Each structure stands twice: as C-alpha cells, then as structure tokens.
Amino acid sequence: MHVEPSLTERRLIDEVIAPLLGFAPTELDRDLTELGVDSLKILHILDEAETLFAVEFAPADLRTNLSVAGICAIIDRS
C-alpha cells in the first residue's frame, strides 16, 4: 500500500534529502543508513532540517528512527 508523503515529508525530501542524495527516497520509514547515508550526511540533513523547519533536535531524538518519517514526526511534534 502506497501512502502519499505528508507536507513535512515532501518538503524535507524535496529541499534537503533529494538534493543531497541525488534521489528521493520512496520508503519513508526506511532508516537513512540503509539508503547509503553516512553519519556526516545525516548530520547535514538534520542541520538543514533544523534551519528549514525552525526546530532543534535533542540528542535523544537521534537515537531513534532516522528515517524521513521519523525525522518528520519529531518536526511535527515541535
């Protein structure tokens, strides 16, 4: 079953993740490391997301789901 990305997910993908990776991930619950994202790129994604969405990630946030859906869930809770 295909679920359309939320507005937050679409914006994160279009403005941060796709330009960095060169493709837009379609499995939003898949851990970014499984898509070939290394720790430096993860830090870049989180830094860009903090700026784009005016949020701040806590260290505890980063121990959990590092997927598009997981990052956007944190953003939407802020």
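The values are calculated or read from the model by the stated rules, or taken from the named source; none is laboratory data. Here the structure is a predicted model, which is why all the values come from computation and not from measurement. For neighbour counting, all protein chains shown are included, and Cβ atoms are generated from backbone atoms with ideal geometry for every residue, glycine included. For the accessible areas, the whole protein counts, side chains as well, though only heavy atoms, and no ligand, DNA or RNA atoms are used. Shrake-Rupley method; radii C 1.70, N 1.55, O 1.52, S 1.80 Å.
Residue pairs whose Cβ atoms lie under 9 Å apart, separated by 6 or more positions or on different chains, with the first residue in the range 41-64 and basic (Lys, Arg) and the second crowded, with 16+ Cβ neighbours inside 10 Å, are LYS41/LEU21; LYS41/LEU32.
Search the range 39-78 for residues being of a type in the set (D, E, K, R) and under 13 Å from the mean Cα position of the chain (by Cα), and hand back the single one that is modelled with the lowest pLDDT. Only one residue tops the list, namely ASP61. Among the residues of the range 7-31, those identified as of a type outside the set (Gly, Ala, Ser), over 17 Å from ASP76 (Cβ atoms) and at pLDDT below 95 are LEU20, LEU21, PHE23, PRO25, THR26, GLU27, ARG30, ASP31.
The condition of being acidic (Asp, Glu), surrounded by fewer than 18 Cβ atoms within 10 Å (Cβ to Cβ) and either within 13 Å of ILE71 (Cβ to Cβ) or free of Cβ contacts under 8 Å to residues at least 60 places away in the same chain (or both) holds for GLU27.
The residue list LEU46, LEU7, LEU12 contains one member that is open to solvent by 20 Å² or more (accessible area, probe 1.4 Å) and hydrophobic (A, V, I, L, M, F, W, C), which is LEU7.
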